[in-house]
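Okay, structure first, notes after.
The values are calculated or read from the model by the stated rules, or taken from the named source; none is laboratory data. What you see is a predicted model; the values in this text were computed from it and never measured. Virtual Cβ from ideal backbone geometry, glycine too; neighbours counted across all protein chains shown. These accessible areas exclude ligands, DNA and RNA; they are computed on the full protein's heavy atoms, side chains included. Shrake-Rupley method; radii C 1.70, N 1.55, O 1.52, S 1.80 Å.
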Amino acid sequence: MVQIAKVIVDVPTMQTNNPYSYFVPTQIETDIQVGMRVVVPFGNGNRKIQGFVVALETKAEEKNPLKNIESLMDLEPVLNPELIQLSSWLADTTFAFQITCLLTMLPNVMRAKYTKQLKILDPEVSSESLAKILPEDEWKDFQPDQLTPKQQSELLKLRKKNQIEIIYKVKNQAHSKQVFQIKSQLSEEEEPKIMASLRKNAVKMRNLVHYLAFHQTAIKQVEIEKELKITAATIKNAEERGWLTRKKVEQYRDPYAMNKKLTLPLQLNSEQKVALDQVTKSIKDQQSRTFLLEGVTGSGKTEVYLQTIAYALAQNKTAIMLVPEIALTPQMVSRVKGRFGKQVAVLHSGLSDGEKYDEWRRIKRHEAQVVVGARSAIFAPIENVGVIIIDEEHETSYKQDDTPRYHARNVAQWRSEYHNCPLVLGSATPSLESRARSERNVYQLLRLPDRINGHPLPKVKIVDMREELQSGANQNFSDPLLAAIKNRLNLKQQSILMLNRRGYSSFIMCRDCGFVLKCPNCDISLTLHMDNHRMKCHYCGHEEPIPKQCPNCHSEKIRYYGTGTEKVEKELQAQFPEARILRMDVDTTRRKGSHERILQKFGQQQADILLGTQMIAKGLDFPNVTLVGVLNADTALELPDFRSSERTFQLLTQVSGRAGRADKLGEVFIQTFNPDHYAIQLAKSQNYENFFRKEMYIRHQEKYPPYYYTLQITAAHKEEKVAAQKMYTVLNELKPSLSPDAIVLGPTPKPIARVKNKYYYQIVIKYKNEPQLHEAVTKILQESQADYRLGIQLSIDSEPQSFM
Ligand SMILES: Nc1ncnc2c1ncn2[C@@H]1O[C@H](COP(=O)(O)OP(=O)(O)OP(=O)(O)O)[C@@H](O)[C@H]1O
Ligand SMILES: [Zn+2]
Ligand SMILES: [Zn+2]
């Protein structure tokens, strides 16, 4: 009998989704399990690499000469059977390699690094002579790519003659923090006898003995030292006498140690109750259904999530709740932790690798039943899932823009089917895709049409900046907005001002009439390319020179649009010297914890105005905010992206929703050069339904999602010609598999045609039903490994968020 392990190996240039077979040596036969990482020899040089065991087989005999597994990297599986199964589905549907998917599911610290070590084989070679090539202290850990060409060639010469060897060692980076824990070995009865044996002035030891006699539960050494004001020496002494035992235990780093007080569920209003009942019924009946919870801003969606989670926990199940990265504020975390306390594990990019690793292990060991996190938390190794919730489901950050290019919503759907549990997608402005699915009853629509306690939505006013600029006003602040800010300062109420920085100066617009240059073929705005001073369409490749004057009104005031938060802050401060302003953008939030600090300050009324980028649009619930100002609504609108209207509408609705959430009425000012654009008009009335109908009509006309599926393939190479040629080759390969109904855009250069000295070319395929496409694209993925060695990077993106 032989045992064989199927292993997905980690070799960047020779990836395949087929596992390799290895013999399991008898020493590890009983320990090895599916889901463990192993070190295996690979290729002719038998270099040692990392791999994942995805299956184990026992056979009577094996004819093929297989290599042995070298060693185990883990003592228990790091991935459970569900996640291994999920990884192969993920690889297939996102056109990625399975190894990438497996690694994506693990915390950073567990992604192995290799060290390379140098060893002399031939006694003829002296240490001194080798040290002349590479200093001896570097033999244990060196990076081949950091050697000089001379060093490299000299080492290679020795290697060819078999005089030295280069050993690859897999480095396991995961370290847990360890502390000592002590446990009493004394009973109450023993105390008098021991006390009698101690000197009267041995106060510290007496205290310790007394404590041990009455406390049988284990306690951390540092804690008892602090409590009894004793030192490690006393503890050591007691240990030697057998009065206590000491062992090392893992100490979790708790990033959210605050907030010990628990909150109680609120009395739901009738709409909230209907929504909750529908979802909990699904939990109880173990049905994998998807709900779309469409609730206006401040309608109490979060409370519905919390009570849904509570229900799942009461059924002895667990829950996953995803929140967009930038909305994963301390406010949100403390709302969940405030309800479920220690049962919550939080996963997001603000945590250190060590903290993430600790949270991940708490989940794996069933010590946390609720996972709250950003996109990648959807891979949390949590078992027995009772409900999955995705808040702000329309957010683009749920799609990963690197391989594997997955959408968390699709992964959540897969897991909901695996666990027979409901999936709840919540938003005030659902993505068109999700809302369209609820139209066809694929998702079940649940609505919260009103704000809590009948509070009205804020009044939105559109400010036409064309008029404002004509009347010679300030560049960034219109008169009505300035007046409103002044008024809030007087009333001691707070304001949030948003400066939209997306698409910063990538397009040009006429300051007099608001005209934006569009493509004659695509009805999408042209993008300014400063490198060659041309306007380009990224969809069809059309290009033209930068206009010197506005083609519409012949004004010369046609220029690129954009402005920075710092400049705006100065302007604002000059207008209101007395105002306390907090600025929140990438520059002020770079340091760890600064995001939290700014919001905390604002929440404690230590500032009058919060000025920021899109970061401030989501999830904030500050009762004293009664004014929201959007300084430039247009930048997102004019991006060369078919989703730009949708993004604009969503953003304006979200940010407007920050105003007037409590008793005081809210007011919103939206400054725009396109006051008549439907996305702006409908954001004014905060009418999602009308926006949905209008936008669906346009998508239908223009053959975009959700009416069509889209697939984008991109090639990158340092020579433009090579990248372009690759895309023509790919297209020719795909053509026989495409029906006449498929629409192909390109090959064209990408909007930012050159990044880091590489040229990017792309094709976009729009299609409805192409049964052969999947197989053809998978083939292209497999072949891309050969291209990789030629320096061509091919990437495949199913349902890209934009074509940019
Ligand atoms: N049933 C309820 N009774 C009283 N207050 C409630 C109730 N439900 C929610 N609230 C309160 O109403 C406010 C808004 O609720 P919440 O933040 O959950 O809304 P939301 O729909 O998630 O908002 P947004 O999408 O704008 O972030 C919160 O302060 C919350 O505590
Ligand atoms: Zn004009
Ligand atoms: Zn075009």
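So, Gln671, is that one closer than 30 Å to Pro623 by Cβ and assigned to a loop (DSSP other than H, G, I, E, B) or not? Spelling it out, it is not the case that Gln671 is closer than 30 Å to Pro623 by Cβ and assigned to a loop (DSSP other than H, G, I, E, B). For the criterion of being within 16 Å of ligand 2 (Cβ to nearest atom), under 36 Å from the mean Cα position of the chain (by Cα), under 30 Å from Ile765 (Cβ atoms) and at pLDDT below 85, Met535 passes. Counting only helices (runs of 4 or more DSSP H) that sit wholly inside the stretch 400-508, those with at least 1 residues that are more than 16 Å from ligand 3 (Cβ to nearest atom), at pLDDT below 90 and open to solvent by less than 40 Å² (accessible area, probe 1.4 Å) are 465-470.
When the stretch 358-399 is filtered for residues that are within 18 Å of Ala314 (Cα to Cα) and assigned to a loop (DSSP other than H, G, I, E, B), the ones remaining, listed by number, are His366, Glu367, Ala368, Gln369, Ile382, Glu383, Asn384.
Yes/no matrix, rows are residues, columns are (1) surrounded by fewer than 20 Cβ atoms within 10 Å (Cβ to Cβ); (2) assigned to a strand (DSSP E or B); (3) touching a residue at least 40 places away in the same chain (Cβ under 8 Å):
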| position | (1), (2), (3) |
| --- | --- |
| Val730 | no, no, yes |
| Ala786 | yes, no, no |
| Leu794 | no, yes, yes |
| Asp797 | no, yes, yes |
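Within the stretch 515-527, the residues that satisfy the criterion of being open to solvent by less than 20 Å² (accessible area, probe 1.4 Å) and either away from ligand 2 (no atom under 16 Å from the Cβ) or modelled with pLDDT under 65 (or both) are Cys519, Ile524, Thr527. Out of all the residues in the stretch 558-575, is one or more touching a helix residue (DSSP H, G or I) at 6+ places or on another chain (Cβ under 8 Å) and at pLDDT below 85? Within the stretch 558-575, one or more residues are touching a helix residue (DSSP H, G or I) at 6+ places or on another chain (Cβ under 8 Å) and at pLDDT below 85.
Taking the condition of being in a loop (DSSP other than H, G, I, E, B) and either open to solvent by 70 Å² or more (accessible area, probe 1.4 Å) or charged (D, E, K, R) (or both), how many residues in the stretch 262-286 meet it? Qualifying residue count, the stretch 262-286: 7. Scanning the stretch 345-359 for residues that are without any contact (Cβ under 8 Å) to a residue 60 or more places away in the chain and closer than 15 Å to Met321 by Cα, which turns out surrounded by the fewest Cβ atoms within 10 Å (Cβ to Cβ)? Among those that are without any contact (Cβ under 8 Å) to a residue 60 or more places away in the chain and closer than 15 Å to Met321 by Cα, it is His348. Take the residues of the stretch 90-139 that are open to solvent by 20 Å² or more (accessible area, probe 1.4 Å) and hydroxyl-bearing (Ser, Thr, Tyr): which is modelled with the lowest pLDDT? The extreme case among them is Tyr114. Filtered by the rule that a residue be surrounded by 12 or more Cβ atoms within 10 Å (Cβ to Cβ), outside any helix (DSSP H, G or I) and modelled with pLDDT of 85 or more, the stretch 209-232 gives a lone residue, Ile230.
Could you check, for the stretch 362-369, whether at least one of its residues is charged (D, E, K, R), farther than 30 Å from Phe602 by Cα and modelled with pLDDT of 95 or more? Checking the stretch 362-369: not a single residue is charged (D, E, K, R), farther than 30 Å from Phe602 by Cα and modelled with pLDDT of 95 or more. Note on the stretch 178-208: residues that are assigned to a loop (DSSP other than H, G, I, E, B) and open to solvent by less than 80 Å² (accessible area, probe 1.4 Å) total 4. The residue pairs whose first member lies in the stretch 656-673 and is within 16 Å of ligand 2 (Cβ to nearest atom), whose second member is part of a loop (DSSP other than H, G, I, E, B), and whose beta carbons are closer than 8 Å, counting only pairs six or more residues apart or on different chains, are Thr672/Asn632; Thr672/Ala633; Phe673/Arg511; Phe673/Gly514.
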